[in-house]
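Notes for the one structure printed next.
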Amino acid sequence: MGGDFAPKATIAGALLALQELDGAHTVQLVGQTSVIEAELERLLSGELSQAASSRFRINIVEAAEVIEMSEKPTSGLRKKPNSSMVVGLKLQVDGKSDAFVSAGNTGAQMASSAMLLKLHPGLTRPAIATVFPTARQPVIVLDSGANVDCSPTELLQFAWLGAVYAECIFGRPNPSIGLLSIGEEPEKGNAVVKEAHVLFRKAGFNFHGNLEGRDLPAGASERGPFDVVICDGFVGNIVLKFYEAVAPMIVRLLSEHPGIDAAHVKAALKGFDSTNYGGAPLLGVRGVSIICHGNSPPRAIKNAIQVAVRAVETRMNDQIGEKLQAAAPATNAIAESA
């Protein structure tokens, strides 16, 4: 029930996803039953009539309440226990579903996921992992908005989360992990970043070193390509919102230039379309919680469901727990000695 274009976008996205997924997969639509049924009927008798054969793979779960986009993050659990977000997450807690996808209130989803699904042992916070297109291959940036203030140790935890995500979802063994700063030199950055750099060097993963903002669009620094970029959520969210605005600006500027075909420009910049990647997983919770942009169209919802499926099928959550457990003694020792 959440998102700027709900419930049409979420329901249409689910139908599109089912057309691409094999028959073993089903989707639960959690929300106000009468509203969902009416929208399903409208879509299946009209623009998505080709998806009618997938209707039997959809289950509707009643949730009478809706957490509005403007509500405080923790109000959902306290004031609206029958909201689509809380009910949907509880399905996973009770073993009745494998993953949760929403385009609703991001803060509420983060808070509800952390409280209901719980965090992996040793973690203090979850992080949002967002895929950024580059001139090479996509890179993962985290945190992109969950935590505006982070300690060096929390940035180290995010690095381990990003490494597992790169391996599980993108199939990149021994991913290269970069730390976003204002210069490539170890002594550059604020106090948190400089201390995090010391921790990263001792951590045992493939540390690329410091990255600068200009390295992100290139997907590489002077030292070569990287796979994961670590920063706090304040910086990460600013970079994300800036990134999202670049491609439309380029298309507009070039389309106003005589002799340039706007359609060709749009096609060339297709890789910078955020709907290609759908949603961002909230890493660190003991489950699968995929956060979609509030203005996600059906295509983005479809791709977010695909991300959720890959997370489940690759046992990403289990692998995160195993990796964190294995790294915990060294991580603690590093943090204590810093």
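So the values come out like this:
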| item | result |
| --- | --- |
| Hits in segment 199-230 (condition: more than 17 Å from Pro173 (Cα to Cα), among the charged types (D, E, K, R) and touching a residue at least 60 places away in the same chain (Cβ under 8 Å)) | Lys202 |
| Among (1) buried (at least 17 other Cβ atoms within 10 Å of the Cβ); (2) in contact (Cβ under 8 Å) with a residue 40 or more places away in the chain - the single one Thr314 does not satisfy | (1) |
| Scan of segment 29-64 for residues that are crowded, with 17+ Cβ neighbours inside 10 Å, at pLDDT 95 or above and either in contact with a Lys or Arg (Cβ under 8 Å, 6 or more places away or on another chain) or of a type in the set (S, T, N, Q) (or both), ordered by number | Gln32, Glu39, Leu40, Leu43, Leu44 |
| The one condition in (1) surrounded by 18 or more Cβ atoms within 10 Å (Cβ to Cβ); (2) under 22 Å from Val312 (Cα atoms); (3) at pLDDT below 95 that Gly145 fails to fulfil | (2) |
| Matching residues in segment 289-311 - criterion: being basic (Lys, Arg) and crowded, with 22+ Cβ neighbours inside 10 Å | Lys302 |
| Filtered residues of segment 39-76 (kept if more than 21 Å from Val101 (Cα to Cα) and either touching a residue at least 40 places away in the same chain (Cβ under 8 Å) or of a type in the set (Gly, Ala, Ser) (or both)) | Ser45, Gly46, Ser49, Ala52, Ser53 |
| Single residue of segment 212-268 satisfying the filter (assigned to a strand (DSSP E or B) and not β-branched (Val, Ile, Thr)) that is nearest to Ser176 (Cα to Cα) | Pro225 |
| Number of positions in segment 200-212 that are out of contact with any strand residue (DSSP E or B) (no Cβ under 7 Å at 6 or more places or on another chain) and at pLDDT 95 or above | 1 |
| Top-ranked residue of segment 151-163 - restricted to ones that are closer than 13 Å to Pro126 by Cβ and not aromatic (Phe, Trp, Tyr), ranked as surrounded by the most Cβ atoms within 10 Å (Cβ to Cβ) | Gln157 |
| Residue in segment 228-240 that is of a type in the set (D, E, K, R) and farther than 24 Å from Glu154 by Cα present | no |
| Whichever residue in segment 208-249 is under 23 Å from Val192 (Cα atoms) and in contact with a helix residue (DSSP H, G or I) (Cβ under 6 Å, 6 or more places away or on another chain) and, among such residues, is surrounded by the fewest Cβ atoms within 10 Å (Cβ to Cβ) | Ser221 |
| Some residue of segment 77-100 being touching a residue at least 12 places away in the same chain (Cβ under 8 Å) and acidic (Asp, Glu) | yes |
| Filter result for Ile11 (crowded, with 16+ Cβ neighbours inside 10 Å, of a type in the set (A, V, I, L, M, F, W, C) and in a helix (DSSP H, G or I)) | yes |
| Unmet criterion (only one of (1) farther than 20 Å from Ile320 by Cβ; (2) within 24 Å of the chain's Cα centre (by Cα)) for Thr153 | (1) |
| Some residue of segment 12-26 being among the polar types (S, T, N, Q), closer than 20 Å to Val288 by Cβ and in contact with a helix residue (DSSP H, G or I) (Cβ under 9 Å, 6 or more places away or on another chain) | yes |
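The values are calculated or read from the model by the stated rules, or taken from the named source; none is laboratory data. Remember, it's a predicted structure, so these values are computed and weren't measured experimentally. Here Cβ is always computed from backbone atoms with ideal geometry, including for glycine, and neighbour counts include all displayed protein chains.
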